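Here is the structure we will look at, set down as structure tokens.
The values are calculated or read from the model by the stated rules, or taken from the named source; none is laboratory data. A quick note: this is a predicted structure, and the numbers were derived from the prediction, not measured. A quick note on method: Cβ atoms are made from the backbone with ideal geometry, for glycine too, and the neighbour counts reach across all protein chains shown. Surface accessibility is based on the protein's heavy atoms, side chains included, excluding ligands, DNA and RNA. Shrake-Rupley method; radii C 1.70, N 1.55, O 1.52, S 1.80 Å.
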Amino acid sequence: MASRGFTTTILHSDRLGKPEHGALHKPIHTSVTYGYDDVQDLVDIFQNKKKGYAYSRQGNPTVTALEHKVTNMENGMSSIAFSTGMAAISATILALIKHGDHVLASSFLFGNTRSIFQSYIDMGLDITFTDATSIDNIKAEIKDNTRLIFVETIANPATQIADLKAIGELCGQKGIIYMVDNTMTSPYIFKPVNVRASLVINSLTKYIGGHGNALGGSVTDTGLFDWSNFPNIFPTFKTQVKPEVLGMTQIRKKGLRDAGGTLSPEAAHSISVGSETLALRLDRACSNAMALATFFEAHPLIKKVYYPGLESHPQHKLAGELFYKFGGLMSIELDNSIDCFAFLNKLKLVVKSSNLGDTRTLAIPVAHTIFNELGAAKRAEMGISDSMIRLSVGIEDLEDLLEDFKTALA
Ligand SMILES: *Cc1c(COP(=O)(O)O)cnc(C)c1O
């Protein structure tokens, strides 16, 4: 299937597993546990000697089918699905990092990621944040015990773009795990494996599921990181599985199984169906976003537009080199004369809502909501102003979106 196109591959991937009765979708398997005639089969599954299912917290056939899809989309080696994107991030860090290790993260992070990292700091992990748009900042913060670097592709809400390629090269040279949160771009627009990412995070809730009707997350191993000498692998696993799969074995057992952020088979099915139209939805969302960004930039009542597709964006050129399209997310800052809440309340079509990557266009004042807990100082450090509104552009007809914003600004 590798030579086929992105959408073709997603559409036909369930049938490769030959579901019962010729079904085109992998059925929703709801069984919590799995029984075997020969106890040796059960033992082999527990000991990682055989693929199969024992207890659904750490694996389920419907979820496996979705994991294969994500792996195909990311050109990866294998994937593990979680109940949410946050479960994927928190469990992966928990599984791989130990006290005494250092983690370096971008200062421009999704609010809840920043918050769980703070909780890990409070538990004694050494995590530092730096402006990852420049490799020089990363180099300045690297220590001998830096084990993992965490960045997002296009940061939310101010759309800063990490120096993705240079960080990948540095991680490769130094044997550091390079973990890239690809949620904002999705594998249709960007494949982090191409910049030598080790692990790729996706919130499946966002563009991949796409309809705002199911939560999910995933981590994909690109196959580029050499796990054979990674010191934090649980010793028993080294006797059971091949070196290539040590990282994912550790994440599945110590992350998914032990922390328990399991994706339900029903949600896996919804996300799987949604993912079939990822490319079509994003094509439309990206073209709507570009048109809206151009409209806002020319509007006298809009002070600033953050969108990588605009030439005024500081990393516009880099974005053009790295990404197939510029994405569906943007932020705007209103002129001081306009009240941010009053403007939002005038929107009739655009929904005041916190999700992103939905088919519908959603708007949220970020300083007052998602980033409220952080406090003013950290918000300033992350480039988040009080009048900033984040827009997740959907797939509506462009004229209707323009009309809604024009009226609200009139
Ligand atoms: C939404 C989001 C997450 C978390 O995903 P959930 O599925 O909501 O838990 C992580 N990273 C980024 C960049 C996100 O936008």
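What does the charge count around residue 224 come to, taking other residues whose C-beta lies under 11 Å from its C-beta (Lys +1, Arg +1, Asp -1, Glu -1)?
Values: positive: 196; negative: 221, 226, 244.
Here the charged neighbours net out to -2.
Each residue of the stretch 141-154 is assigned a 3J(HN,Hα), and the resulting list reads 9, 5, 10, 4, 9, 5, 9, 8, 10, 10, 9, 9, 6, 10 Hz, derived from the Karplus form 6.51 cos²θ - 1.76 cosθ + 1.60 (θ = phi - 60°), x at Gly and Pro.
From Cα pairs below 8 angstrom and at least 6 apart in sequence, can you work out the relative contact order of the chain, rounded to a whole percent?
Values: 787 pairs, mean separation 67.4, N = 410.
16 percent.
What full-extension length gain, to one decimal in nm, is calculated for residue 144 and residue 360 as 0.36 nm per residue of separation minus the Cα-Cα distance? Separation in residues times 0.36 nm, less the Cα-Cα distance, equals 73.2 nm.
For a test of the definition: using alpha carbon positions, the gyration tensor, and the 1.5 limit on a/c, classify the stretch 94-241 as rounded, prolate or oblate. Write down the numbers at each step before the final one.
Numbers: a/c = 1.40, a/b = 1.21, b/c = 1.16.
Judged from the Cα gyration tensor, the stretch 94-241 comes out rounded (a/c under 1.5).
Remark: relative contact order (the stretch 278-409) = 28 percent; criterion is Cα-Cα distance under 8 angstrom and separation of 6 or more residues.
Length gained on full extension, residue 410 to residue 116: 101.7 nm, using 0.36 nm per residue less the C-alpha separation.
Here the 3J(HN,Hα) profile of the stretch 183-200, calculated from phi with Karplus coefficients 6.51, -1.76 and 1.60 at θ = phi - 60°, is 3, 6, 9, 6, x, 6, 9, 7, 10, x, 4, 6, 10, 6, 5, 8, 10, 10 Hz, Gly and Pro shown as x. The residues neighbouring residue 39, those whose beta-carbon lies less than 15 Å from its own, together hold a net charge of -2 under the Lys/Arg +1, Asp/Glu -1 convention. More than 19 Å apart: what percent of Cα pairs in the stretch 252-354 qualify? I get 62 percent for the Cα pairs in the stretch 252-354 exceeding 19 Å.
Restricting things to Cα coordinates, could you compute the convex hull volume per residue of the chain in Å³?
It is 141 Å³ per residue.
A full extension of the chain between residue 316 and residue 99 corresponds to an added length of 74.3 nm, given 0.36 nm per residue minus the alpha carbon distance. Among the listed pairs 206/238; 26/98; 206/304; 317/348, those with a Cα-Cα distance over 32 Å are 206/238; 26/98; 317/348.
The alpha carbons of the stretch 173-249 stretch over 43, 27, 16 Å along the principal axes, in descending order.
Counting only DSSP beta bridges with both residues in the stretch 6-275, the antiparallel share comes to about 40 percent.
Starting from the stretch 25-131, pick out the chymotrypsin sites (Phe, Trp or Tyr not before Pro) whose DSSP state is loop and whose Cβ has at most 14 other Cβ atoms within 10 Å. Display every interim value, and only then the final one.
Details: sites: 34, 36, 46, 53, 55, 82, 108, 110, 117, 120, 129; in loops: 34, 36, 53, 108, 110.
For chymotrypsin sites (Phe, Trp or Tyr not before Pro) across the stretch 25-131 that sit outside H, G, I, E and B with at most 14 neighbouring Cβ atoms in 10 Å, the list reads 36.
The accessible surface of the chain, taken with every protein chain in place and a 1.4 Å probe, is 52 percent carbon and sulfur. Per 5 Å bin, what is the whole-percent P(r) computed from every C-alpha pair distance within the stretch 28-187? Binned Cα distances yield the sequence 2, 8, 15, 17, 17, 14, 10, 8, 6, 2, 1, 0. When all alpha-carbon pairs of the stretch 224-292 are counted, what percent fall beyond 20 Å? Within the stretch 224-292, distances greater than 20 Å cover 57 percent of Cα pairs. A 1.4 Å probe run over the protein chains yields, for the chain, 42 Å² of accessible area per residue, whole-number rounding.
Excluding residue 246 itself, calculate the net charge of residues whose Cβ lies under 14 Å from the Cβ of residue 246, where each Lys or Arg counts +1 and each Asp or Glu counts -1. Intermediate values should be presented prior to the final figure.
Working: positive: 238, 242, 252, 253, 254; negative: 221, 226, 244.
Combined, the nearby Lys, Arg, Asp and Glu give +2.
Counting helices only, and only those DSSP H runs with n ≥ 4, report the 222 nm mean residue ellipticity of the chain as the sum of -39,500 (n - 2.57) divided by its residues, in deg cm²/dmol to the nearest 500. Can you show the working numbers first?
Details: 16 runs with 153 residues, N = 410.
About -11000 deg cm²/dmol.
Each of residue 8 and residue 345 was given a label point 7 Å from its Cα along the Cα-to-Cβ line. The distance between the two points is 5.3 nm. One equal scatterer on each Cα of the stretch 278-409, no solvent, Debye formula: the resulting log10 I(q)/I(0) at q = 0.14, 0.18 Å⁻¹ is -0.61, -1.03.
In whole angstrom, how far apart do the alpha carbon centroids of the stretch 389-410 and the stretch 242-284 sit? Comparing the Cα centres of the stretch 389-410 and the stretch 242-284, I get a distance of 32 Å. Using the Karplus relation 6.51 cos²θ - 1.76 cosθ + 1.60 with θ = phi - 60°, the per-residue 3J(HN,Hα) values for the stretch 339-355 come to 7, 4, 5, 4, 4, 4, 5, 7, 5, 9, 9, 5, 8, 7, 7, 8, 6 Hz, with x marking Gly and Pro. P(r) of the stretch 205-249 in 5 Å steps, Cα pairs, percent per bin? All Cα pairs, binned at 5 Å, distribute as 5, 19, 23, 12, 10, 10, 12, 8, 1 percent.
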